[in-house]
Amino acid sequence: MIRVTGVLAATAVVGAVWAAPLPVTDPFLPGTRWQGELTQKGVFGGGAVGPPAFRAVLTVTVRDGDRFEADLAERSEELQVTYHVKGMIVPGADGKGFAVRFRSTGASGAVNTAPILGVHYDGVLTGRTVRGAWRVPTNPEGTSVEGGFRLELAK
């Protein structure tokens, strides 16, 4: 009788486990590509002018717990640059989605532009979309540029 009760109890627990929703996991994994657009507005030091938008592709290259590294390729008709970025991804405070924060730490492949390092990006990953804003840090050159970004997980 005790053995039967134990089996029934175990069956009830297994049934409860199967009925419980699976934990939400983030898809921000190495090798994933997020593509979309990055917009910009503001004033560059020295009177330089930039395009109002770039096509952007963020490719996650390293993931270690809540930390990640990625390459952020930005392209317009006239300009192109690939930034190396480092950041963090953590569950959102509201329990929905994930907060994604990163900054540019290096650059390569710059054509017709001077890369700006230390740019801060803050976004929210919900489902297959990362949306957010970015801003160039205060600098003595007089550059005051900011914008937004929206990236979708590529298929």
For a footprinting-style exposure proxy, rank Val49, Val100, Val62 by other Cβ within 10 Å, fewest first. Val49, Val62, Val100
Between Leu117 and Glu37, what is the label-to-label distance in nm when each label sits 7 Å out along the Cα-to-Cβ direction? 3.1
Between the stretch 31-45 and the stretch 58-98, what's the alpha-carbon centroid distance in Å? 11
How large is ³J(HN,Hα), in whole Hz, for each residue of the stretch 120-136 in order, when computed from phi with the Karplus curve 6.51 cos²θ - 1.76 cosθ + 1.60 and θ = phi - 60°, using x for Gly and Pro? 9, 10, 10, x, 10, 9, 10, x, 10, 10, 10, 10, x, 9, 9, 8, 6
Stokes-Einstein D for the stretch 24-153, Kirkwood Rh over Cα pairs, 4 °C, 1.567 mPa s (µm²/s): 87
Of 118-126, 38-46, ordering from highest average Cβ density within 10 Å down gives 118-126, 38-46
Ala154 versus Arg55: modelled label distance in nm, points set 7 Å from Cα along the beta carbon direction: 1.0
Could you pull out every residue, at least 5 positions away or on a different chain, whose amide H is within less than 5 Å of the one on Thr143? Hs are placed 1.01 Å off N in the peptide plane, and Pro or chain starts have none. Gly45
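Laboratory data are not the source of any read-out in this text; all were calculated from the coordinates shown. Since this is a predicted model, take the numbers as computed values, not measurements. FYI the Cβ positions are ideal-geometry reconstructions off the backbone, even for glycines, and counts take in every protein chain you see.
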